[in-house]
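Laboratory data are not the source of any read-out in this text; all were calculated from the coordinates shown. Keep in mind it's a predicted model, so treat the numbers as computed, not measured. We place every Cβ from the backbone using ideal geometry, glycine too, and count neighbours over all the protein chains shown.
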Amino acid sequence: MRIAVFNTKPYDQRFLEAANAAHGFELVFLEAHLGERTATLAQGCEAICTFVNDPLPAATLEVLHGLGVRLIALRCAGFNQVDLKAADRLGMTVARVPAYSPFAVAEHAVALILTLNRCIHRAYNRVREGNFQLEGLLGFDLYGKTVGVIGTGKIGAIFANIMRGFGTQVLAYDPYPNPDLTAVEYVTLEELLRQSDVVSLHCPLTPLTQHLMDSSRLALLKRGAMLVNTSRGALIDTPAAIGALKSGQIGALALDVYEEEGDLFFENLSNAVIQDDVFSRLLTFPNVLITGHQAFFTREALENIARTTLQNIAAFSSGAGELHRVELERVAPVPAPSA
Ligand code: NAI
């Protein structure tokens, strides 16, 4: 079976080739992102393999279907980039890697919190320039603070348990509470926002969670709280967050994802003029820390992504074995704030 692998970076190729030793598929590695025009590069392939920032709207799916593509093997967990209804209508199978390393993402969220709170990113630069002043680097003890976790699935549960290890009280909000997560207190979203010193987002992006953190919910935060998003960029209304940073309502913002990241992340733009003024404004705040969607990026995660992606393709082609077909996620409407 021939598979067009879009949006390939050298590390993707290394890990996919290693995992393919057990299968022997013909992998066609393409640097191009998937789009309506580049979709034709999948000519002669029964499957394509794509990443988080390869959009799959109906028009692209139709082009792919016309070329004979029947399987979309996502090498990621999230699938908000795929028009699932269109895929279903066309009879195309969409598979994903449901869990490759929830530890990687949870640990990255913790790394962001520690770095931002203790200003490690600023201290690193200062020390290299011979500036050993401490003014501007003041943090707070995590011990004894309250951490709010929105979404307590695989990643959120691990994150909650790590934060418990710091001696924090953990509040959680999830329309489907996790029965294995006993050391947290489930509360309403509003209570969580009002009481937490740090709020971390771990729910999926769906039409129901789009701009979950809009201006009305940002206003419910404890003044000066830290907000962390390692989930999907559009969970936060970015212009509203910028307003909240300017007013001091948000005390610190850590992001691994950004709602318009498709034009920025995963590329070296160090010689380009960034055209996104909202993103550029975010970079000007001393209390904002951004990483470029790297929370998943550990050796273990890349091995698991490659192995599961090829297992999905093998299960589709042989009709045997486990195929992680995308199912409609358990999501519920987010309650509107009462104040
Ligand atoms: P999961 O499916 O195990 O957990 C998601 C949880 O969110 C579930 O418990 C679900 O009930 C809950 N949820 C659904 N709607 C909600 C709502 N309205 N409010 C609060 N909770 C809600 O997913 P997992 O593996 O924990 O991943 C979470 C998210 O992390 C993914 O959807 C993905 O967007 C993101 N992610 C980010 C990565 C990165 O590199 N930055 C890598 C992998 C995932």
Note: probe point = Cα of GLN294 + 7 Å toward Cβ; backbone nitrogen < 13 Å; residues of the stretch 81-108 passing the test are 108
The distance between the Cα centres of the stretch 190-251 and the stretch 1-41, in whole Å, is 36 Å
For LYS85, counting only aspartates and glutamates whose alpha-carbon sits under 18 Å away and dropping same-chain residues fewer than eight positions off, the answer is GLU36, ASP54, GLU62, GLU327, GLU329
Out of ALA32, ALA219, ALA301, a Gaussian network model of the chain with alpha-carbon springs under 10 Å gives the largest mean-square fluctuation to ALA32
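Below 8 Å, C-alpha to C-alpha, sequence gap of six or more: please give me the relative contact order for the chain in percent. Write out the running numbers ahead of the final one.
Numbers: 608 pairs, mean separation 57.1, N = 339.
Relative CO of the chain lands at 17 percent.
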For the stretch 1-131, averaging the sequence separation of alpha carbon pairs under 8 Å that lie six or more residues apart and dividing by its residue count, the contact order in percent is 20 percent
So, with points 7 Å from each Cα along the Cβ direction, the GLU26-THR40 label distance in nm works out to 2.0 nm
Length gained if HIS121 through LYS246 is fully extended, taking 0.36 nm per residue and subtracting the Cα-Cα distance, is 42.9 nm
Once phi for every residue in the stretch 73-84 is put through the Karplus expression 6.51 cos²θ - 1.76 cosθ + 1.60 (θ = phi - 60°), the whole-Hz ³J(HN,Hα) values, with Gly and Pro written as x, are 9, 7, 9, 7, 8, x, 9, 5, 7, 10, 7, 5
Protection proxy (average C-beta count within 10 Å per residue), highest first, orders 99-111, 4-16, 148-160 as 148-160, 99-111, 4-16
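For the stretch 63-112, what relative contact order do you get, as a whole percent, if you take Cα pairs closer than 8 Å and at least 6 residues apart?
Reported relative contact order: 41 percent.
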